[in-house]
């Protein structure tokens, strides 16, 4: 072999190695720059706070910054679309929630699939919602609230963080199962919805428990029931919706990490492993426990199964309740 041929072969070999090493998803190279996590809700919501703490801890594990960006609107679909149409390289991720499963049915003309256009990484955690009313409302139990609304059909307003949000469907499901006629008032995010609820502009809402504990303890909101399968440790005297008045009712606010479809398995697996470690850290465990959030840290496969089940569940509820985007 002459020198010229040898030089050509060596150059080709190094070229192949360079290309292979630069491929996204190589565990020894990812991440090489900051990772962006899109939270499709306004700041201060039920999933925003936990994600910011998790991002801090995940940044330490990955050796790169984790930038959390809020992109609210359209039932979480604005932020979700940004991620769905991003490069599948692991540098743009989505903090998904039950809203993604809901919107998959509620918004029939989307330019992307809120479930199918993503790769599941891990279900991070879940928390119950809480039925809260303004203290001026003369009710102290869920049964009393149901009776009060039935005596005033169409006169009681409930707030949600937006059309198609978990808050919207949690309340719509309660209204359907308890045969209530209430008005849905959608807001652009849970922060605005909570502000008007505290001011008495709307009478009821079913947000995540974590964001309401402070208001409840301060006496600014009255809890009537929690939406989980069991009572929340932070509110042991507050019954579940099922035991209080509506058997069979159960709903959770959940959060999980998704990546654009096509993201390399090596990237997904690395992120999932690190998330499990982060969820077991003292700071994160303490935060989750205080907020009544059940940490999960599932595998990508288990999260995928969960997503498909959630999509089917909320599709059924949307059909049964007739819920729609106002």
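Quick notes
- Output for region 85-117, where each listed residue is over 18 Å from residue 161 (Cβ atoms) and in contact with a strand residue (DSSP E or B) (Cβ under 8 Å, 6 or more places away or on another chain): 85, 86, 87, 88, 90, 91, 92, 93, 117
- When 84, 96, 74 are screened for being at pLDDT below 90 and either surrounded by fewer than 24 Cβ atoms within 10 Å (Cβ to Cβ) or in the same structural domain as residue 284 (by TED's automatic domain parsing) (or both), only 74 passes.
- All positions within region 215-234 that are at pLDDT 95 or above, out of contact with any helix residue (DSSP H, G or I) (no Cβ under 8 Å at 6 or more places or on another chain) and surrounded by 20 or more Cβ atoms within 10 Å (Cβ to Cβ): none
- Residue in region 262-271 that is under 30 Å from residue 213 (Cβ atoms), at pLDDT 95 or above and assigned to a helix (DSSP H, G or I) present: yes
- Residues within region 76-118 that are free of Cβ contacts under 8 Å to residues at least 60 places away in the same chain, more than 17 Å from residue 259 (Cβ to Cβ) and not in a helix (DSSP H, G or I), tallied: 4
- Where residue 197 falls short, out of the listed (1) at pLDDT below 95; (2) part of a helix (DSSP H, G or I): (1)
- Lone qualifier among 171, 147, 136 - being more than 18 Å from residue 324 (Cα to Cα), assigned to a helix (DSSP H, G or I) and at pLDDT 95 or above: 147
- Flag not set for residue 210, criterion: buried (at least 20 other Cβ atoms within 10 Å of the Cβ) and touching a helix residue (DSSP H, G or I) at 6+ places or on another chain (Cβ under 6 Å).
- Failed item, numbered, when residue 51 is tested on (1) surrounded by 18 or more Cβ atoms within 10 Å (Cβ to Cβ); (2) within 14 Å of residue 275 (Cβ to Cβ); (3) free of Cβ contacts under 8 Å to residues at least 60 places away in the same chain: (3)
The values are calculated or read from the model by the stated rules, or taken from the named source; none is laboratory data. Since the structure is predicted, the reported quantities are computational estimates derived from the model, not experimental observations. Every residue, glycine as well, gets a Cβ built from its backbone with ideal geometry; the counts of neighbours run over all protein chains shown.
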